[in-house]
Amino acid sequence: MKIGIIGTGAIGGTIAKKMAAAGHLVKVYNTAEFDTLKERARQLGATPSTLNDIAKDVDVLILSIPVAAIPKLPKTLFAGIPEHVIVVETSNYYPFRDGEIEELKKGMVESVWVAGQIGRPVIKAFNNLLAASLEHGGKPGNADDRIAMAISGNDQKAKETISRLINDAGFDAVDAGSLAESWRHQPGTPAYCTELNAAALKQAISEGVKENAPGIRDIAISTFMELPSQPSHEETVKLNRSLFSKNPKDFK
């Protein structure tokens with residue numbers, strides 16, 4: 001499969017590396033100077049691309065950039081993409097980083113907002129795991145303790161295609177519903193960065209409370225910022241689980 005990825009940070013870069021390792025043809029773009037991008041692409045096993053070319057001749061286009069950067073992407077980029085190309089967005093809204101976005105503050109679902117900004121249907125995926133989980137937590141398909149990843153969207157066929165890519169990355173895919181339901185695996189929900197298997201993730205998705213999510217998200221950020229040192233990956237997962245009255249890892 002031919003995959004274009006905008007953004008080569010902790011999430012986008014890891015996706016690129018895993019997709020290339022799985023045999024997909026991957027090209028990447030970031031805002032660095034092209035020589036720097038070439039080196040980053042080499043590290044990931046991908047091909048460097050310009051922004052004008054990143055969406056050309058691909059089956060999937062993945063947006064892995066901060067929410068605040070979405071409106072800055074050129075509208076012509078999406079206007080020229082054939083309808084069969086699946087657009088995936090991996091972003092998570094954090095006001096301290098992205099600024100106050102009025103529509104999101106009033107309760108609009110983040111991925112619905114993203115789709116509106118780019119004028120294109122999207123699939124939400126690769127957003128509910130920590131970067132370290134995504135990089136190091138993948139396991140073969142026959143592993144019984146495989147970590148699961150949520151996916152949302154309105155196009156079932158597109159979700160099935162992206163679910164196969166999730167499998168290639170080493171994770172089980174759990175369908176969280178339509179794009180309007182994608183809030184169920186955004187920050188502040190039991191499904192977000194709590195590193196669950198498929199059965200537990202399905203329950204976590206159902207246990208989320210939309211109205212509570214922004215407050216829990218902000219509590220999590222405040223808690224992390226008050227820590228005297230950078231927490232380990234295990235400590236981060238444990239803290240995220242502790243935000244809920246019932247530990248998501250105990251969901252059956």
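The values are calculated or read from the model by the stated rules, or taken from the named source; none is laboratory data. Treat the numbers as computed from the prediction; the structure is a model and nothing was measured. Because the Cβ atoms are built from the backbone with ideal geometry, glycine has one as well, and the counts that use them run over all protein chains shown. Surface areas here come from the heavy atoms of the whole protein model, side chains and all, with no ligands, DNA or RNA. Shrake-Rupley method; radii C 1.70, N 1.55, O 1.52, S 1.80 Å.
Summary table
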{"read-out": "Radius 14 Å from Cβ of Val114, net charge of other residues (Lys, Arg +1; Asp, Glu -1)", "value": "0"}
{"read-out": "Additional length obtainable on full extension of the chain from Arg42 to Ser242, 0.36 nm per residue less Cα span", "value": "68.1 nm"}
{"read-out": "Label of the coordinate-derived value, mean projected area of the Cα convex hull in nm², listed as (1) 13.0; (2) 14.8; (3) 16.2", "value": "(1)"}
{"read-out": "Cα-Cα P(r), segment 1-120, percent of pairs per 5 Å interval", "value": "2, 12, 22, 23, 19, 14, 7, 2, 0"}
{"read-out": "Listed residues Leu165, Ile5, Ala176: farthest to the positive end of the dipole of the chain (Cβ charges)", "value": "Leu165"}
{"read-out": "Simple spin-label estimate for Ser232 and Asn52 in nanometres, 7 Å along Cα-Cβ", "value": "5.0"}
{"read-out": "Where segment 169-224 is the region considered: accessible area per residue in Å², 1.4 Å probe", "value": "36"}
{"read-out": "Per residue solvent-accessible surface (Å²) - segment 22-129, probe of 1.4 Å", "value": "49"}
{"read-out": "Per-pair calculated FRET efficiency, R0 = 41 Å: Lys105 and Asp59 via Cβ, rounded to 0.05", "value": "0.70"}
{"read-out": "Value at 222 nm in deg cm²/dmol, rounded to 500, when DSSP H runs of n ≥ 4 in the chain each add -39,500 (n - 2.57)", "value": "-11000 deg cm²/dmol"}
{"read-out": "Distance in nm between pseudo-label sites at Glu33 and Ala198 (7 Å out along the Cβ direction from Cα)", "value": "4.8"}
{"read-out": "For segment 162-225 and segment 24-63, distance of Cα centres in Å", "value": "28"}
{"read-out": "Computed over the chain: relative contact order in percent, which uses C-alpha pairs under 8 Å that are six or more apart", "value": "14"}
{"read-out": "Spin-label model distance (nm) - Ala10 vs Ala143, 7 Å beyond Cα toward Cβ", "value": "2.0"}
{"read-out": "Amide H contacts under 5 Å for Gly9, placed H, 5+ residues apart", "value": "none"}
{"read-out": "Between 0 and 90°, nearest 10: helix 34-44 axis offset from the chain longest Cα axis", "value": "60"}
{"read-out": "Cβ-based net charge around Leu63, under 11 Å, with every Lys or Arg adding one and every Asp or Glu removing one", "value": "+1"}
{"read-out": "Degrees separating the helix 156-169 axis from the principal Cα axis of the chain, which is the longest one", "value": "80"}
{"read-out": "Residues of type lysines that Lys56 reaches as a straight line, Cα spacing below 22 Å, ignoring anything fewer than 8 places off in the same chain", "value": "Lys2, Lys17, Lys18, Lys27, Lys38, Lys72, Lys75, Lys124, Lys157, Lys159"}
